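Here's the structure we're looking at; comments come further down.
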Amino acid sequence: MKYLITILFFVLLGCKSAQQINKQNVENAITKNAFQLLNDKRFHSVSVAVYKDGESTIKHFGELTIGKGNKPNDSTLYEIASVTKTFTGYIAAKAVLDKKINLDDDIRNYLDEPYPNLEFKGEPIKIKHLITHTSGFPNIPIKSENKKAFFEGLKQIKIETKPGEVYFYSNTAPEVTAYILEKVYKKPFEELVTEFILKPNKMNLTKFTLNENDRIRLVKGYNDKNELMPNFNRTLWGGISGLHSTTPDLVKYMKLQLDQSNPIVNESHKKLFKEGSDFWEGYHWYIIENGDELIIRHHGGIYGMQNWFVIYPKQNIGISILTNASFDGTGDILEKVLDNLYNEINVK
């Protein structure tokens with residue numbers, strides 16, 4: 001018995017050492033890639049969160065305010081911009097499972113006016129077209145100063161392609177989705193996000209509406225000329241953008257999105273529209289599937305900050321990279337850093 005206890009002790013010690021080594025490797029990879037990014041002087045800070053093997057690693061670098069040396073931390077609030085769309089997609093997936101909506105529904109079934117213009121040669125725009133950017137809607141809403149104006153702007157839209165056939169990124173369509181979700185659940189969209197996603201996953205620092213203390217922790221970002229940029233001012237539902245979050249909360253979101261026992265997650269990751277040989281649109285997720293490779297991701301970019309949020313379900317890995325810089329090409333640069341980081345931590 002004594003020998004058995006001794007053996008078990010060393011086995012546990014070995015496991016612990018392996019976990020420590022693995023975590024150190026992740027930390028080293030994050031640090032290496034973060035410093036390489038910050039060598040580009042257009043970037044001032046970067047926060048990186050990695051979830052791997054059931055353990056999270058979060059590291060922060062650089063300075064939030066040029067010349068101040070104020071490094072971001074776990075309480076720093078970032079605008080996650082278009083990654084907000086994945087929250088819209090999650091609630092849409094829940095609504096489908098709850099039989100509140102059907103992917104093949106004509107969206108005009110949920111609008112208060114006829115909108116005869118929202119079709120192409122008799123082919124209606126369906127809900128599945130809204131969430132896959134194949135509706136034919138313009139990128140920027142024609143009117144976005146308030147919700148009433150938004151609906152007036154919908155009347156001016158001319159659909160020039162058959163819905164469901166052509167991918168065209170739209171910041172108009174997700175707002176229609178958010179409105180429809182409000183209507184079928186009879187609750188404000190902001191409340192739906194809180195009730196269905198934030199509270200169950202204890203994402204207590206993720207929110208649309210900020211109080212005075214939150215605003216102190218909110219990142220102020222820069223363009224490539226080191227000019228301070230304004231924060232996003234939400235005037236519509238929030239289907240496209242508007243959520244603020246922290247790195248620890250984004251790790252919780254990774255855990256949710258990696259939970260393959262969750263039927264809503266599985267529905268939201270369904271491949272609904274194929275674009276190219278290995279690229280699909282899900283419920284506001286971009287899905288890359290090629291052989292053994294499966295990547296589910298979304299990019300977010302706003303005036304002074306950008307981020308990537310990516311999960312790798314087969315490896316049970318999640319990565320989030322956030323920076324307080326935004327300019328042409330930022331997303332591509334962050335994507336390369338993310339790919340390098342993934343390749344370095346996904347070592348068998």
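Ignoring everything except DSSP H segments at least 4 long, calculate the 222 nm mean residue ellipticity for the chain; use -39,500 (n - 2.57) per segment, divide by total residues, nearest 500. Could you put the intermediate results ahead of the total?
Values: 10 runs with 120 residues, N = 348.
Rounded to the nearest 500, it is -10500 deg cm²/dmol.
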>> Please state the shape class of region 153-300: rounded when a/c is under 1.5, otherwise prolate if a/b exceeds b/c and oblate if not, all from the C-alpha gyration tensor.
In response: rounded
> Sorted by packing (mean other beta-carbon atoms within 10 Å per residue), highest first, where do 92-98, 126-132, 289-295 land?
Replying inline: 126-132, 92-98, 289-295
> What is the mean projected area of the alpha carbon convex hull for the chain, to one decimal in square nanometres?
Replying inline: 20.7 nm²
>> What does the extension gain come out to for Gln260 and Leu97, with contour length at 0.36 nm per residue minus their alpha carbon separation?
In response: 57.1 nm
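Where the accessible area of region 22-63 is counted over protein heavy atoms with a 1.4 Å probe, how much of it, in %, is carbon and sulfur?
Working: 770 of 1800 Å².
The computed percentage sits at 43.
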> Lys/Arg Cβ at +1, Asp/Glu Cβ at -1, dipole of region 4-160 taken about the Cα centre: which of Gly122, Ser75, Phe87 is farthest positive-ward?
Replying inline: Ser75
> Which of rounded, prolate, oblate describes region 161-231, given a ≥ b ≥ c as roots of the alpha-carbon gyration tensor eigenvalues and a/c under 1.5 marking rounded, otherwise prolate only if a/b is larger than b/c?
Replying inline: oblate
>> Whole-Hz ³J(HN,Hα) for each residue in region 130-145, computed from phi via Karplus 6.51 cos²θ - 1.76 cosθ + 1.60 with θ = phi - 60°, x for glycine and proline: what do you get?
In response: 4, 8, 10, 6, 10, 7, x, 5, x, 4, 8, x, 4, 9, 9, 5
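Subtract the Cα-Cα distance of Ser75 and Gln36 from 0.36 nm times their separation in residues, and report this length gain in nm to one decimal.
On the way: separation 39, 0.36 × 39 = 14.04 nm, distance 2.41 nm.
That pair, Ser75 and Gln36, stretches by 11.6 nm at full extension.
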>> Bins of 10 Å, beginning at zero and ending with the bin holding the largest distance: percent of Cα pairs per bin for region 15-89, please.
In response: 16, 38, 33, 13, 0
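For a Förster distance of 30 Å, can you work out the FRET efficiency between the beta-carbons of Thr161 and Asp112, rounded to the nearest 0.05? Let's see the in-between values first.
Details: r = 26 Å, r/R0 = 0.85.
So, using R0 = 30 Å, E works out to roughly 0.70.
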> Assuming R0 = 30 Å, what is the FRET efficiency of Asn226 and Lys336, from their Cβ-Cβ distance, to the nearest 0.05?
Replying inline: 0.85
>> I'd like the Karplus ³J(HN,Hα) series for region 226-240: coefficients 6.51, -1.76, 1.60, θ = phi - 60°, whole numbers in Hz, and an x wherever there's a Gly or Pro.
In response: 6, 8, 5, 10, x, 7, 5, 10, 6, 10, 10, 6, x, x, 9
> Of all DSSP beta bridges located in the chain, what percent are antiparallel, nearest 5?
Replying inline: 95 percent
>> Tell me the relative contact order for the chain as a rounded percent, counting alpha carbon contacts under 8 Å between residues six or more apart.
In response: 23 percent
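Students often get this wrong, so check it: of Lys158/Lys187; Lys147/Lys207; Lys94/Lys255; Lys183/Lys207; Lys94/Lys336, which have C-alpha atoms separated by over 24 Å? Please list the in-between numbers first.
Details: Lys158/Lys187 30 Å; Lys147/Lys207 20 Å; Lys94/Lys255 18 Å; Lys183/Lys207 21 Å; Lys94/Lys336 33 Å.
In this structure, Lys158/Lys187; Lys94/Lys336 exceed 24 Å between Cα atoms.
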>> Which order do the peptides 256-268, 220-232 come out in when sorted by mean C-beta neighbours inside 10 angstrom, highest first?
In response: 256-268, 220-232
>> Let me test this: with uniform point scatterers at the alpha carbons of region 47-179, what is the Debye-based log₁₀ I(q)/I(0) at q = 0.10, 0.16, 0.17, 0.18 1/Å?
In response: -0.47, -0.84, -0.90, -0.96
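How would you rank 206-212, 46-52, highest first, on the average number of other Cβ atoms within 10 Å across their residues? The partial results should precede the final answer.
Details: 206-212: 14.3, 46-52: 24.9.
Averaged packing, sorted descending, gives the order 46-52, 206-212.
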> In degrees from 0 to 90, rounded to the nearest 10, what is the angle of the helix 173-185 Cα long axis to the longest principal axis of the chain?
Replying inline: 90 degrees
>> Using all alpha carbons of region 232-348, what is the percent of pairwise distances in each 10 Å bin, ordered from the shortest bin to the longest?
In response: 12, 41, 39, 8, 0
>> Calculate the FRET efficiency for Lys121 and Gln20 from the Cβ-Cβ distance with a Förster distance of 45 Å, rounded to the nearest 0.05.
In response: 0.10
> Taking the Cα-to-Cβ direction at Lys314 and at Asn28 and moving 7 Å from each Cα, how far apart do the two end points lie in nm?
Replying inline: 2.7 nm
> Between Lys202 and Asp292, what length in nm is gained on full extension when 0.36 nm per residue of separation is reduced by their alpha carbon distance?
Replying inline: 29.2 nm
> Could you state the number of Å between the C-alpha centres of region 124-144 and region 233-293?
Replying inline: 18 Å
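The values are calculated or read from the model by the stated rules, or taken from the named source; none is laboratory data. Please read all numbers here as calculations on a predicted model, not as lab measurements. Positions of Cβ are generated from backbone atoms using ideal geometry, with glycine treated the same way; all protein chains shown enter the neighbour counts. Just so you know, the surface numbers come from the protein's heavy atoms only, side chains and all, with ligands and any DNA or RNA stripped out. Shrake-Rupley method; radii C 1.70, N 1.55, O 1.52, S 1.80 Å.
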